[in-house]
Amino acid sequence: MLEKLYVHTEKETEPIHNLAVESVLLDNVPEGACILYLWQNRKTVVIGKNQNLWAQCRPEILELEGGKAVRRLSGGGAVYHDMGNLNFTFITHKTDYDTAKQTDVVLKAVSKLGIRAEKTGRNDLTTADGRKFSGHAYYKNGSRCYHHGTIMVDVDSEALSRYLTVSADKLRGKGVDSVRSRVVNLIELEPSITIDSLKNAMINAFEDVYGMKSQTIPENLVKADEIAEKMAFLGSDSFRLGSNMSFDWTAKKRFPWGGAEISLAVSGGVINNAVCYSDAMREDVLSQVADAIKGSRFEAASVCERIINIPADEEGKNILNDISAMLKEEML
């Protein structure tokens, strides 16, 4: 049962550091507590765990212009962060994890500032005119879970369009023809909103929704040595960049649950390397696909059998069946 609310507002704006703090808080969150972590990144593209960095953004241009491209632990799609954006993370144990309640905190916070909004689709919050201002993603590690997302207050939309390369299929699926037409800054709807006023509204809404006062997070939950260790992993090229090898064969398709792209390197009729890119929320399922099919014969029956035998719940099995059908169709 939830007994304590903690709030941590991070002053650092370096993305690897902030993702490391988030991971450390997840490792250390006490049972019976929920942490609200508020943070900002300067000029950053953050991609989902299973995404192809080069397909989602222009990392060379971004980094030449003083930005950073990073990968997070959760699934979902690529997002652009700058100092006009506020990030939030709800961190707790599975017994107290309630995405609907956590989403209500965000909706109540923007309502306090004069914005009428609602949840739409898999993971978006939109304003009354249907434009997105907040995207969410989710991650679980054992009994600990987090739910994080963005809130666009005054994001540089020119930079967003310059650095992100959202696929045309995904935009068509949303009924729009550009990244910029799909999103809105809250300041366009209510000019008095600031990052500081939104932070205060989030903390007040957090307390209102959960019916108790919050406390500043104890120092022992954010130890410097643990943050440094996480930064070394999250900032490593092997995690941040992923594989950039050339592949012999690729299949991709969009589904109601998100997009999937499978790329294979084949030698002597055997799959010796594989990558699965996706913006799906179920990174726990998608992250197993590539390993499952490495070493398989390059034939539909063998590949599909390995995929459908990956352990998963009902939702995960439906995703795996879709991927299997896509590969079968392309291979035959």
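Residue-wise test of (1) of a type outside the set (S, T, Y); (2) outside any helix (DSSP H, G or I); (3) over 27 Å from A69 (Cα atoms).
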position	(1), (2), (3)
S238	no, no, no
K253	yes, yes, no
I262	yes, yes, no
A274	yes, yes, no
V303	yes, no, yes
I310	yes, yes, yes
K317	yes, no, yes
N321	yes, no, yes
E329	yes, no, yes
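The residue pairs whose first member lies in region 282-311 and is in contact (Cβ under 8 Å) with a residue 24 or more places away in the chain and within 16 Å of W257 (Cβ to Cβ), whose second member is of a type in the set (A, V, I, L, M, F, W, C) and open to solvent by 30 Å² or more (accessible area, probe 1.4 Å), and whose beta carbons are closer than 6 Å, counting only pairs six or more residues apart or on different chains, are V285/A312.
Check whether at least one residue in region 21-42 is of a type in the set (F, W, Y) and open to solvent by 20 Å² or more (accessible area, probe 1.4 Å), and report yes or no.
Initial filter on region 21-42 (of a type in the set (F, W, Y)): 37, 39.
Next, only the ones that are open to solvent by 20 Å² or more (accessible area, probe 1.4 Å) stay: none.
No - not one qualifying residue is present in region 21-42.
Within region 283-323, restricting attention to residues that are more than 23 Å from G77 (Cβ to Cβ) and polar (S, T, N, Q), which residue is surrounded by the most Cβ atoms within 10 Å (Cβ to Cβ)? Looking at residues that are more than 23 Å from G77 (Cβ to Cβ) and polar (S, T, N, Q), I get S296.
Assess whether Y6 counts as being farther than 21 Å from G135 by Cα, of a type in the set (S, T, Y) and modelled with pLDDT of 95 or more.
Working: farther than 21 Å from G135 by Cα: yes; of a type in the set (S, T, Y): yes; modelled with pLDDT of 95 or more: yes.
Yes, satisfied.
Before we move on, is M202 exposed (fewer than 15 other Cβ atoms within 10 Å of the Cβ), aliphatic (A, V, I, L, M) and in contact with a Leu (Cβ under 7 Å, 6 or more places away or on another chain)? So M202 does not fit the description; no. Which ones in region 64-96 are open to solvent by 20 Å² or more (accessible area, probe 1.4 Å), outside any loop (DSSP other than H, G, I, E, B), under 29 Å from R254 (Cβ atoms) and not β-branched (V, I, T)? Selection gives K68 alone. Restricting K11, K49 to residues that are of a type outside the set (G, A, S), free of Cβ contacts under 8 Å to residues at least 24 places away in the same chain and in a loop (DSSP other than H, G, I, E, B) narrows the list to K11.
Go through the residues of region 145-158 one by one and say whether even a single one is at pLDDT below 95 and either assigned to a helix (DSSP H, G or I) or over 25 Å from E60 (Cβ atoms) (or both). Yes - at least one qualifying residue is present in region 145-158.
Mind listing just one residue for me: the one in region 14-40 that is assigned to a loop (DSSP other than H, G, I, E, B) and in contact with a strand residue (DSSP E or B) (Cβ under 7 Å, 6 or more places away or on another chain) and, of those, farthest from R144 (Cα to Cα)? Outline the logic, then answer.
Our first condition is that a residue be assigned to a loop (DSSP other than H, G, I, E, B); within region 14-40, this holds for 14, 29-32, 40.
Still in the list and also in contact with a strand residue (DSSP E or B) (Cβ under 7 Å, 6 or more places away or on another chain): 29, 31-32, 40.
On the way: V29: 8, E31: 9, G32: 11, Q40: 23 Å.
Among those residues, the one meeting the criterion is Q40.
Just to check your reading of the model, which residue among A55, A78, A69 is touching a helix residue (DSSP H, G or I) at 6+ places or on another chain (Cβ under 6 Å), aliphatic (A, V, I, L, M), under 19 Å from R182 (Cβ atoms) and touching a residue at least 40 places away in the same chain (Cβ under 8 Å)? Of the residues listed, the single one that is touching a helix residue (DSSP H, G or I) at 6+ places or on another chain (Cβ under 6 Å), aliphatic (A, V, I, L, M), under 19 Å from R182 (Cβ atoms) and touching a residue at least 40 places away in the same chain (Cβ under 8 Å) is A78.
Which residue, of G242, G295, is within 24 Å of E22 (Cβ to Cβ) and in contact with a strand residue (DSSP E or B) (Cβ under 8 Å, 6 or more places away or on another chain)? Let's see the steps before the verdict.
Working: G295 fails: within 24 Å of E22 (Cβ to Cβ).
One residue alone meets the criteria, G242.
The values are calculated or read from the model by the stated rules, or taken from the named source; none is laboratory data. Here the structure is a predicted model, which is why all the values come from computation and not from measurement. Cβ atoms come from the backbone with ideal geometry, glycine included; neighbour counts cover every protein chain shown. All accessible areas refer to the heavy atoms of the entire protein, side chains included, with ligands and DNA or RNA removed. Shrake-Rupley method; radii C 1.70, N 1.55, O 1.52, S 1.80 Å.
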